[in-house]
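Below is one structure, written out as structure tokens; comments come after it.
The values are calculated or read from the model by the stated rules, or taken from the named source; none is laboratory data. Quick caveat: nothing in here was measured; it's all calculated off a predicted structure. In this analysis, Cβ positions are derived from the backbone assuming ideal geometry, glycine residues included, and neighbour counts consider all displayed protein chains.
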């Protein structure tokens, strides 16, 4: 199959993403999947991503959703472990479409619950193994793997197939991701996107407070700087602290607060006080 030209997809875009009738859907999907890994942000962000997302939302893939989701989940492993290479785009944009598949199933049951949980497990595994943490890549646009993964976790948290145990796992994945060593702190909104994903978990009102206390305790331990001669201590604590601040902001100002809002805010205040003790001492 010869690749379809940018002009072809521009026409699809201009026609409000009506599904072309001159090619089989399988061929169109394969080409759009390839374009998810493009380094040209126009092809990737403006044409391939919205085409696939729109078709999922409109039900074009309703009878094929399982296969599409499995294909996107497979994309999460393309080049996994590489850093500063172009393979990150395929992974990062595959997770966005996988999130769209989950969102479609959230609207109406189309795949077995076990399949949605399998997709969730593959998202979580990829999130913890992803090593290319770049946000905006000059000349190539957004990589944003952690932010896109956070969006998918937030959609997963709203799935009717996800119960209390799985919601706890989502929170644990967020905490573990924030504790992983990095060479540069997140700087492109990742903490806010992860905090929003956590809010979707909390709004389900299924996670007991004692488990939330343990979760915040783990975050607080990560967010508290450990000083040493060999490494910038802020690289170990900064992402977790930014997340705690972002989650506190969500609870203070966000819509639809969870039932545990007041108790959780107190826990987060304690975590922030611990992480910023040196800045809060009276003169």
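Restricting attention to region 247-283, and to residues there that are loosely packed, with under 11 Cβ neighbours inside 10 Å and part of a loop (DSSP other than H, G, I, E, B), which single residue is modelled with the highest pLDDT? Ranking the qualifying residues of region 247-283, first place goes to 256.
For region 28-54, a residue qualifies if it is within 15 Å of residue 72 (Cβ to Cβ) and not in a helix (DSSP H, G or I), and the qualifying residues are 36, 37. Quick one: is residue 71 on the phi < 0 side of the Ramachandran plot, part of a helix (DSSP H, G or I) and without any contact (Cβ under 8 Å) to a residue 12 or more places away in the chain? So residue 71 does not fit the description; no.
Contact map, region 163-181: residues that are surrounded by fewer than 16 Cβ atoms within 10 Å (Cβ to Cβ) paired with residues that are assigned to a helix (DSSP H, G or I) and at pLDDT below 95, Cβ distance under 9 Å, separation 6+ or inter-chain. Pairs shown: 181/235; 181/236.
Yes/no matrix, rows are residues, columns are (1) outside the structural domain of residue 181 (by TED's automatic domain parsing); (2) without any contact (Cβ under 8 Å) to a residue 60 or more places away in the chain; (3) closer than 23 Å to residue 263 by Cα; (4) surrounded by fewer than 20 Cβ atoms within 10 Å (Cβ to Cβ):
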site: 202; (1), (2), (3), (4): no, no, yes, no
site: 205; (1), (2), (3), (4): no, yes, yes, yes
site: 208; (1), (2), (3), (4): no, yes, yes, yes
site: 214; (1), (2), (3), (4): no, yes, yes, yes
site: 220; (1), (2), (3), (4): no, yes, yes, no
site: 231; (1), (2), (3), (4): no, yes, no, yes
site: 234; (1), (2), (3), (4): no, yes, no, yes
site: 240; (1), (2), (3), (4): no, no, yes, no
site: 245; (1), (2), (3), (4): no, yes, yes, yes
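Residue 18 meets each of the listed conditions (1) surrounded by 14 or more Cβ atoms within 10 Å (Cβ to Cβ); (2) touching a helix residue (DSSP H, G or I) at 6+ places or on another chain (Cβ under 8 Å) apart from (1). When residue 7 is tested against (1) in the same structural domain as residue 136 (by TED's automatic domain parsing); (2) farther than 26 Å from residue 106 by Cα, just one condition goes unmet, and that condition is (1).
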